[in-house]
Amino acid sequence: MAKIAIILGRLVIGGTTMDTLQAARHLQQEHQLLLITGGGQKDEFEAAYLTEHLPSIRHERIQGFSGSIHLWKDWKTYRQLRKVLRRFQPDIVHTHTAKAGLIGRLAAAAERVPVLVHTFHGLMFHGYYSTFVSRFIVYMERWLAKKTTRIIALSSMQQQQIVEQYRICPLQKVHVVPLGIELDAFTEQQDSKRSFFRSRYKLDEDEVAIGIVGRIVPIKNHDLFLQVVAQLYPQFPQARFFIVGDGHLRRKLQQQCDRLGIEYTYFPEEPRKATLIFTSWITEVDKAMAGLDMVVLTSHNEGTPVSLMEAQAAGKPVVSTKAGGIDDIVRNGETGLTVKQHDAGHLCEAISQLLNYNAQRLTMGRAGAAFAQAQFRKERQVADLHQLYKSLLRM
C-alpha cells in the first residue's frame with residue numbers, strides 16, 4: 001500500500017474535479033490517500049460536498065491554487081503545502097491542474113518525495129492567455145517536467161502535443177491514461193430522469209433539447225453556440241437550447257442574446273419556458289444528460305471533455321468542434337459529428353442534420369452508449385493508474 005498525496009487545485013464543479021475524486025474513490029481501496037485542495041473562485045460552484053462520498057480519505061484544504069500568479073499568496077501556499085506533505089510523508093505526489101502542478105511539484109521536490117506525477121487535463125499553452133504569457137507557461141512546464149517522474153496525458157493526441165508541438169519533455173516521460181467515468185449514473189433510471197428534467201424546464205414531448213454543458217468561461221467559446229442558436233431557431237421552432245453551467249461571462253452572454261434577438265431566461269431567477277435557458281449549475285448532471293436530446297461543444301481548446309463522454313454514455317449524439325482530443329472520444333459520423341473550429345456555418349449544418357433526421361439521432365445515441373461502455377469505464381482508468389504507480393515505485 002502506497003501513501004499518495006493527490007493535489008487538486010480547486011474543488012469546484014467540473015470535469016477535472018469529478019474525474020479526480022472518482023478515481024480517488026477507487027484508489028483508496030489499495031492505497032492510503034491524502035486529498036489536498038484549494039478553494040474556488042467567486043464565480044465557481046464549490047464541490048466540497050463531493051468529498052462526503054470519500055470518508056476514508058483524509059482531506060486538507062489550503063487557501064491557494066487560484067489561476068493567476070500572486071507571489072505572496074503563492075509563497076504562503078507553498079510553505080503550507082510543504083508542512084502538510086512533511087507530516088504525511090507520501091511515496092507519491094500526484095498533481096492536477098496548472099497552479100497545483102506548479103506549487104505542488106515544487107513543494108514535493110523540496111520535501112524529496114520519491115515520485116512526482118502530473119496530469120495535464122487540458123493544455124493551457126494556447127487559447128487561454130496572451131502569446132507572451134502562453135510562452136512563459138511553456139517554459140515553466142519544461143522546467144517543471146525535469147522535476148517530474150512521469151507526466152500523464154489523457155490521449156495520444158495530447159501526448160503528441162506535449163512532446164512534439166510544445167517540447168515539454170521526452171516521449172518516455174509521458175504516459176497516456178485515458179479518462180474514465182462512472183457509467184451507471186448515465187445508464188440507470190433514464191426514463192424517470194428524463195421526465196424530471198423535461199418537466200422542470202417545461203419541455204413539450206415533441207421539442208428537441210440541445211445543450212452545451214460546462215463553465216461559462218472564454219475557452220468554452222459560448223459565443224459560437226449563441227451564433228448557432230440565432231441561426232437555427234427560426235428554421236427549427238421545435239428546438240430548445242440550454243446552457244448548463246455558470247460563470248463570470250454569463251451576463252455578457254445574456255447581453256449577446258439581446259443583440260442577436262434570442263429569447264432567453266436565467267431559470268433560477270425566472271423559471272419559465274424560453275428559446276434558450278440558462279440553467280446555472282446542475283450538480284446531478286446525469287439528469288441533464290437524460291433530458292437533453294443532443295449535446296454540443298464549441299471550445300477553442302480541450303483536453304478530454306467529460307461532458308461529451310457523459311453524453312455518449314447517456315445515449316445522446318454529440319456535435320463538437322475539433323478541439324484538442326475530441327477525435328479520441330467521438331467517432332465522427334457514428335456517435336456524433338465533428339466540424340472544424342470557429343465555423344458557425346458548419347456547426348449549424350451538423351446540428352440541422354440531426355434535427356432533420358430523428359432516426360439518425362437515435363442510431364448515433366445507441367452507438368455512443370455502446371462506445372462508452374467499451375471505452376470509458378472508470379475501472380479501466382484506475383487499473384492503468386495503479387499499474388503506473390507500481391512501476392514508478394519500483395524505479
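The values are calculated or read from the model by the stated rules, or taken from the named source; none is laboratory data. None of these values were measured; they are calculated from a predicted model. Cβ sites come from the backbone with ideal geometry, for glycine too, and all protein chains shown count toward neighbours. Ligands, DNA and RNA are excluded from the accessible area calculation, which covers all protein heavy atoms including side chains. Shrake-Rupley method; radii C 1.70, N 1.55, O 1.52, S 1.80 Å.
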**Prompt:** Name the pairs: first residue in region 79-108 and closer than 18 Å to residue 17 by Cβ and open to solvent by 10 Å² or more (accessible area, probe 1.4 Å), second residue outside any helix (DSSP H, G or I) and of a type in the set (Gly, Ala, Ser), Cβ to Cβ under 6 Å, at least 6 apart or on different chains?
**Reply:** 97/9; 99/9
**Item:** Test result for residue 164, among the acidic types (Asp, Glu), assigned to a loop (DSSP other than H, G, I, E, B) and exposed (fewer than 13 other Cβ atoms within 10 Å of the Cβ)
**Value:** no
**Prompt:** Just to be sure, is residue 204 among the acidic types (Asp, Glu) and over 22 Å from residue 312 (Cα atoms)?
**Reply:** yes
**Prompt:** Just one of the numbered conditions (1) touching a residue at least 60 places away in the same chain (Cβ under 8 Å); (2) open to solvent by 50 Å² or more (accessible area, probe 1.4 Å); (3) closer than 27 Å to residue 231 by Cβ; (4) charged (D, E, K, R) is not true of residue 310; which one?
**Reply:** (2)
**Request:** Please specify each residue of region 290-307 satisfying the condition of being in a loop (DSSP other than H, G, I, E, B), open to solvent by 10 Å² or more (accessible area, probe 1.4 Å) and either among the acidic types (Asp, Glu) or under 23 Å from residue 369 (Cβ atoms) (or both).
**Result:** 293, 302, 304
**Fill in**
Among (1) open to solvent by 20 Å² or more (accessible area, probe 1.4 Å); (2) in contact with a strand residue (DSSP E or B) (Cβ under 7 Å, 6 or more places away or on another chain); (3) in contact (Cβ under 8 Å) with a residue 24 or more places away in the chain; (4) not charged (D, E, K, R), residue 342 falls short only on (2)
**Request:** Go through region 268-286 residue by residue and tally those that are of a type outside the set (A, V, I, L, M) and crowded, with 20+ Cβ neighbours inside 10 Å.
**Result:** 3
**Asked** Filtering region 175-190 down to residues that are of a type outside the set (A, V, I, L, M) and under 18 Å from residue 328 (Cα atoms), which residue is surrounded by the most Cβ atoms within 10 Å (Cβ to Cβ)?
**Response** 180
**Asked** Going through region 353-381 one residue at a time, which ones are assigned to a helix (DSSP H, G or I), open to solvent by 20 Å² or more (accessible area, probe 1.4 Å) and more than 15 Å from residue 314 (Cα to Cα)?
**Response** 353, 356, 358, 359, 360, 379, 380
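Listed here are the residues, each with its yes/no results for (1) closer than 19 Å to residue 9 by Cβ; (2) out of contact with any strand residue (DSSP E or B) (no Cβ under 6 Å at 6 or more places or on another chain).
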residue	(1), (2)
121	yes, yes
149	no, no
165	no, yes
171	no, yes
175	no, no
181	no, yes
186	no, yes
190	no, yes
**Item:** Those residues of region 13-60 which are open to solvent by 70 Å² or more (accessible area, probe 1.4 Å), modelled with pLDDT of 90 or more and either basic (Lys, Arg) or in a helix (DSSP H, G or I) (or both), in sequence order
**Value:** 25, 58
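Specify the residue that is nearest to residue 356 (Cα to Cα); the eligible residues are those in region 285-332 that are charged (D, E, K, R) and within 12 Å of the chain's Cα centre (by Cα). Even if it seems obvious, please write down each step before you answer.
From region 285-332, those charged (D, E, K, R) are 286-287, 293, 302, 310, 316, 322, 327-328, 331; that's our starting set.
From the residues that got through so far, the ones that are within 12 Å of the chain's Cα centre (by Cα) too are 302, 310.
On the way: 302: 29, 310: 24 Å.
Restricting to residues being charged (D, E, K, R) and within 12 Å of the chain's Cα centre (by Cα), the top hit is 310.
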**Prompt:** Which condition does residue 338 not pass, out of (1) part of a helix (DSSP H, G or I); (2) modelled with pLDDT of 95 or more, if it passes all the others?
**Reply:** (1)
**Request:** Show the residue pairs that are 6+ apart or on different chains and have beta-carbon atoms under 7 Å apart, the first residue being within region 175-187 and under 8 Å from residue 153 (Cα atoms) and part of a loop (DSSP other than H, G, I, E, B), the second being of a type in the set (D, E, K, R) and open to solvent by 10 Å² or more (accessible area, probe 1.4 Å).
**Result:** 177/384
**Asked** Among the listed residues 202, 193, which satisfies the condition of being open to solvent by 40 Å² or more (accessible area, probe 1.4 Å) and in contact (Cβ under 8 Å) with a residue 60 or more places away in the chain?
**Response** 202
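Let's see how each residue does on (1) open to solvent by less than 10 Å² (accessible area, probe 1.4 Å); (2) at pLDDT 95 or above; (3) part of a helix (DSSP H, G or I):
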residue	(1), (2), (3)
215	no, no, no
225	yes, yes, yes
230	no, yes, yes
240	no, yes, no
258	no, yes, yes
288	yes, yes, yes
